[in-house]
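**Student:** Take this structure, written in C-alpha cells, and hold onto it; I'll ask about it next.
No lab work stands behind these numbers, since they all come straight from the coordinates. Owing to the predicted nature of the structure, the values given are computational and were not obtained by experimental measurement. Cβ coordinates were reconstructed from backbone atoms using ideal geometry, including for glycine residues, and neighbour counts include every protein chain displayed.
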Amino acid sequence: MRRYRPRAEELPGPLAPLVDLITDLRWTWSHAGDRLWEAMDPDSWAVTENPYVILQNLPRGRLESLAGDARFLEHLRSLTEARDAYCARPGWFSAQHGDAGLRGVAYFSMEFGLGEALPLYAGGLGVLAGDHLKSASDLGLPLVGVGLLYQEGYFHQVLDADGRQLELYPYNDTTTLPVEPVEGPDGAWLWVPIHLPGRTLRLRAWKAQVGRIPLYLLDSNDPLNMPADRGITGKLYGGGAEQRLLQEIALGIGGWRLIEALALEVDVCHLNEGHAAFVTLERARAFMERHGVDLREALWATRPGNVFTTHTPVAAAFDTYDYELLDKYARHYAERLGVPAGELAALGRIDGDDDGELFNMAWLAARTCGSINGVSRLHGEVSRAIFQPLYPDWPRSEVPVGHVTNGVHVPSWDSAWADALWTEACGKDRWLGHHEPLEEPMAAVDDATLWDLRGRQRADLVHRARRRLHRQLAQRGEADVAVAGEVLDPNILTIGFARRFTDYKRPNLLLRDPERLARLLNDPDRPVQVIVAGKAHPEDALGKRYVRAWARFAQQPEVRRRVVFMEDYDIALAQELVQGVDVWINTPRRPWEASGTSGMKVLVNGGLNLSSLDGWWAEAWEPEVGWALGDNRPDVGEEEDARDAEALYRLLEAEVVTAFYDRDEAGIPRAWVARMRASMARLAPRFSTNRMVQEYVERHYLPAAREVGRRRADNGAAGRNLQAWSAALRHDWDEIHWGQRRVTHVEDGWEMEIQVYLGDLPPDAVAVEIYADPDPERGAPAVRQALERDGEIPGASNGYRYRGRILTDRPAEHFTPRVVPWHPDARVPAELGLVLWWRE
Ligand SMILES: *Cc1c(COP(=O)(O)O)cnc(C)c1O
C-alpha cells in the first residue's frame, strides 16, 4: 500500500517528476498542467481540480498505464522543464536589488488563502496573504510565509430551502493537504516549544511550497500535548478570547522560534495585521540572549526590522485582551524577558499604567515595529487618526502611518482567454517587475477582440453558474433541479456582487427597492442579470438576514431566471465570478472598506467596477474607467444609504445599461469597450501584487534590512546607545523650557529667534523646529523646519539661542516652535514621541 503523501520512489520511474509538480502550489495559478491533471482522472478533476488529491487516489494499474503513455510523459516533461525554468529564473528582485543586503523576509499571517486545496483562510486578509506569497515567488524574493495549520478552516455555507444559512465545518485532513512535515536536524518531526502555565506546548512544523516560496505552518494537534491544548489551532477565528490569545502566541512566539530552529536568516518580519505582534517580542528576546542586552536595548536594536500592515478602518476591530487573561500567560514570559509583567502589558496600552485598559495587539505592533502602513491612500489617512493616541500632541499628518495600496496576483484571477489576449498584446512577462500602464499595447487590440473576450467569459460563467446551481438544488433535495438549466443568459448584461455579508458592506443596498430592481432585471429590450454570493459570520444575525433576503428574492418566479445566489463564496467561486461578470458592484459605507480587493480581480478580465469611493476605488476611479457611487464624504447612516441606493439604481438605469446595449452596426458597444480598454490598461498593472510587493520591497523591506543591520552590529551597540539616549530624554524632558522669542518680518518670510533652556540634556539630543499645519486655502503643505543653534544665552546654564529664516507668504502665527528628540539613527515620532510646543 502506498502512503498518503505521494513519494517519487513509490511511483513508476517515469512518473517520479509528478511529485514535485503537484506538491508545488504553483498549479493553483499556472494552468499549463490542467489538461495533464485532467487526463490522470477526469472524474476526480471535475470534482476537485486538485492534482495532489488526484495522484493520491490513482490505483496502481492506472499509474502503470500512464507510465507507458508517451503523450502523457511528453506533456509531463514539458511541465517539469517549465517549472525548472521558473524556479531558476533570477527574477526582478535579484536583478534590481540582489546586492542590497536583504537576506530574508518572514511574512506572518493568521490566514493564507492560496486556493481550495489548502483552506486556511476566511476572506480578504487571507487571500491577500496568498497573493503576496505568489507574487514574491514570481519576483524571486527571499521570503518565507509563517502561519497556522487549522484542523478546521472557515465554515462552508449552504442555504436551506427558505434561504437560511447553515454552517458546515469540514475537517482539514492533513493526509490530503499538500503539506509535509518538516524534518528536524535529528531526523525527527521538527517542533517548537511554548511554555504555558504548568506545561510545555509542542507546535509541530509543516511546510507547503508556493512556487519558490516556502510557507511554514504550525499546529498544536500533537498527541504529546495535553488534550485541551491539541485544540489551540483547531479552528480559524473559532473559540473565545483565550483561544485567540493562544493562537496569537503560537503564531508570533512559535513562529519566531521556528525561524530560529530552521536557522533561517531573516532581516525583516512583516506582520500582516496585528495578530502576529508577539513575534517582535520573541525576536527581541532571542536578541537579548545572544548579545547580552536588556529588553529595551533589544527592542531598539530589532524594531526597524519589523514592518506592520494594519487592515481595519475601525479601532474596535483590533484584537484586545483584558489584563487577567493576558497576565495568565504573560507573567512568566515577562520573566524571561527580564521585565515586570506590568512593563510587558504597558506595551499594548495607550496609558501603560492603566490596568483597566485592554491590551491591544495593534498598539503592541505599533510600538515594536519600525514602520506602519495602511492598505490604501484613504485607509492610510483613516489609520493616522486611529493611531493618533499613541503619538499625543503630534499633528495628525505626522502620525507615522503610511500606506501601500493592496493588489491582486493577476495570474491567479485571469481567465485562460484573458491570459491569451494579454500575452498576445503585451508579452508573457507583463506581470513580472513592470507596473507601468499598458495603454500603448492595449490600444493595438481591436474592439471586436475585446468584446469577444467578454462574450466568451460571460458564456463560461453562465455555464458554470448553472452547474453550481444544479448541484445546490440537488443537494437541498429540491424536486425540480431542471430549472438550473434555464437561469441566466449568456448575452445579457451580467452584474456580480460577492462579499462578506456584513453591515458596513451594505449587501442589501441593491435590494432596497425590490420592485425597481425587478423592473431593471426584466426590461424586455435591455435586461440585466445578477449573480450574488457571500457568507455571513455565524454570529452575525443581521448579515444572515441579508443572505436570506437575497436568496428569497432569487426564488421569486418573476426574477428567478435573472438572479442567482451562489452558495459558499470561496476562492474558486470568486475566480469564476470575476472572470465572467461585466460589472462588479461594491457598496461599502465609506470609509469602512480599508482597501477591498475583489474589484481589482475583474480588471484583467475586462470587467468594469461600480463602487463606493472607498478603499482602492477612491484612488483608482476616473470617469473613463468605471462608475463611482456617492462622493468623498463619510457615509454615516440611513440617510446616506437611501441616497446611495437611489444613486445606484440611477447609475444602472441611466448609464450602465444604456452603455452596454448601445451597439453599432457590427454589434459592438464602442463606448463600453473604450471603458474596458482604459480600465484594463491603466488599472490592471497598478492594482496588482506585482506592484504592491515591489513597493513593500523598496519602501519597507530594503530600508528595514539596512537599518536593522546597522543597529544590531557590534552586539547591538546602536541599540544600547539609542536606549541610553531615549532614557535620558524621558527622564529629563520636563526640564526643558522656553525663554524669549523674537519674530521679525523679512523680505520673503519671517526671521525667528528663540531661546531654549535644556536642563540636563545635551543640546545635540534634541532639535528645535518650526512647524505649521497644512493650509488648504493657500494650497500650502505642512512646514517642518529645523532652526540652527546660534550660541548660548549669556549668563545661562545649558540655555541656547536658535535661529532660522522661513520663506513663506503665510502669517507668522501659523508657525509654532517646538522641541523634539533628535538622533541621527532614530525615527521620531515613530520610536520616541516626545514633543514640547511653544508656550509664552
Ligand atoms: C478577493 C476575495 C475576498 C476579498 O474581497 P473584498 O473585496 O476585499 O471584500 C474575499 N473572499 C474571497 C473568496 C475572495 O476571493
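**Student:** Taking amide H positions as placed in the peptide plane 1.01 Å from N, state which residues far from V210 in sequence (5 or more) or on other chains have amide H under 5 Å from it.
**Tutor:** Amide H neighbours of V210, under 5 Å, 5+ apart: L25, L215.
**Student:** So, one more: So, in nm, how far is label A728 from label R663 when the simple model puts each one 7 Å beyond its Cα toward the Cβ?
**Tutor:** 8.0
**Student:** Separate question: Report ³J(HN,Hα) in whole Hz for each residue of segment 527-541, in order, from the Karplus equation J = 6.51 cos²θ - 1.76 cosθ + 1.60 where θ = phi - 60°; Gly and Pro get x.
**Tutor:** In residue order, the calculated couplings are x, 9, 10, 10, 10, 10, 8, x, 9, 9, 4, x, 9, 9, 5 Hz.
**Student:** Something else about it: Check the chain and count each lysine pair with an alpha-carbon distance under 30 angstrom, considering only pairs eight or more places apart or from different chains.
**Tutor:** Within the chain, the lysine pair count is 22.
**Student:** Test of the criteria: in segment 595-687, which trypsin sites (Lys or Arg not before Pro) are in a DSSP loop and have at most 16 other Cβ atoms within 10 angstrom of their Cβ?
**Tutor:** R663
**Student:** Rounded to whole Hz and in sequence order, give me ³J(HN,Hα) for segment 546-551 from the Karplus expression 6.51 cos²θ - 1.76 cosθ + 1.60, θ = phi - 60°, writing x for Gly and Pro.
**Tutor:** Per residue, the Karplus-derived 3J(HN,Hα) values read 5, 4, 5, 4, 5, 4 Hz.
**Student:** So if I average 1/r over every pair of distinct C-alpha atoms in segment 705-792 and take the inverse, what Kirkwood radius in Å does that give?
**Tutor:** One decimal place: 16.3 Å for the Kirkwood radius.
**Student:** Right, here's the next one. Would you calculate a helix-derived [θ] at 222 nm for the chain, using -39,500 (n - 2.57) for each DSSP H run of n ≥ 4 and dividing by the full residue count, to the nearest 500?
**Tutor:** -11500 deg cm²/dmol
**Student:** To the nearest 10 degrees, how steeply does helix 124-139 sit against the main Cα axis of the chain, on a 0 to 90 scale?
**Tutor:** Helix 124-139 sits roughly 90 degrees off the main axis of the chain.
**Student:** So what's the angle, to the nearest 10 degrees on a 0 to 90 scale, between helix 278-291 and the longest Cα principal axis of the chain?
**Tutor:** Between the helix axis and the principal axis of the chain, the angle is about 50 degrees.
**Student:** A follow-up question, please. Search the structure for amide H atoms under 5 Å from the amide H of L196, placed 1.01 Å from N in the peptide plane, and list their residues when 5 or more places away or on another chain.
**Tutor:** Close amide H contacts, sequence-distant or interchain: L201.
**Student:** On to the next question. Give me the mean projected area, in nm² to one decimal, of the convex hull enclosing the Cα positions of the chain.
**Tutor:** Average of the hull's projected areas for the chain equals 40.1 nm².
**Student:** Counting only Cα, what are the radius of gyration and maximum Cα-Cα distance Dmax of segment 527-658, in Å?
**Tutor:** Looking at segment 527-658, its Cα Rg and Dmax stand at 15.0, 41 Å.
**Student:** Which percent, to the nearest 5, of DSSP beta bridges fully inside the chain are antiparallel?
**Tutor:** 55
**Student:** Let me ask another. Counting pairwise Cα distances across segment 359-430, what percent come out greater than 20 angstrom?
**Tutor:** Distances greater than 20 Å cover 49 percent of the Cα pairs.
**Student:** Give me the base-10 log of I(q)/I(0) for segment 8-88 at each q in 0.14, 0.18, 0.22 Å⁻¹, Debye formula, one uniform scatterer per Cα, rounded to two decimals.
**Tutor:** -0.41, -0.70, -1.09
**Student:** I would also like to ask the following. Sticking to Cα atoms, compute the Rg of segment 154-290 to one decimal and its Dmax as the biggest Cα-Cα distance, whole number, in Å.
**Tutor:** According to the Cα coordinates of segment 154-290, Rg and Dmax are 16.9, 62 Å.
**Student:** Continuing with this model, one more query. May I ask you to give the average projected area over all directions of the convex hull of the Cα atoms of segment 431-681, in nm² rounded to one decimal?
**Tutor:** 14.1
**Student:** Here is a follow-up. If you average the C-alpha positions of segment 249-294 and of segment 627-702 separately, how far apart do those two centres end up, in angstrom?
**Tutor:** Their Cα centres are 41 Å away from one another.
**Student:** May I ask for the Kirkwood hydrodynamic radius of segment 53-120, worked out over all distinct Cα pairs and given in angstroms to one decimal?
**Tutor:** Answer for segment 53-120: a Kirkwood hydrodynamic radius of 16.4 Å.
**Student:** Taking H as built 1.01 Å from N, whose amide H comes closer than 5 Å to the amide H of L114, not counting residues under 5 places away?
**Tutor:** L120
**Student:** Loop only by DSSP, 12 or fewer other Cβ within 10 Å of the Cβ. Give me the GluC sites (Glu not before Pro) in segment 501-592 that pass, ordered by residue number.
**Tutor:** E539, E558
**Student:** Relative to 2.2 N^0.38 Å, what does the C-alpha radius of gyration of segment 736-837 come to as a ratio? Two decimals please.
**Tutor:** My calculation over the Cα atoms of segment 736-837 gives 1.11.
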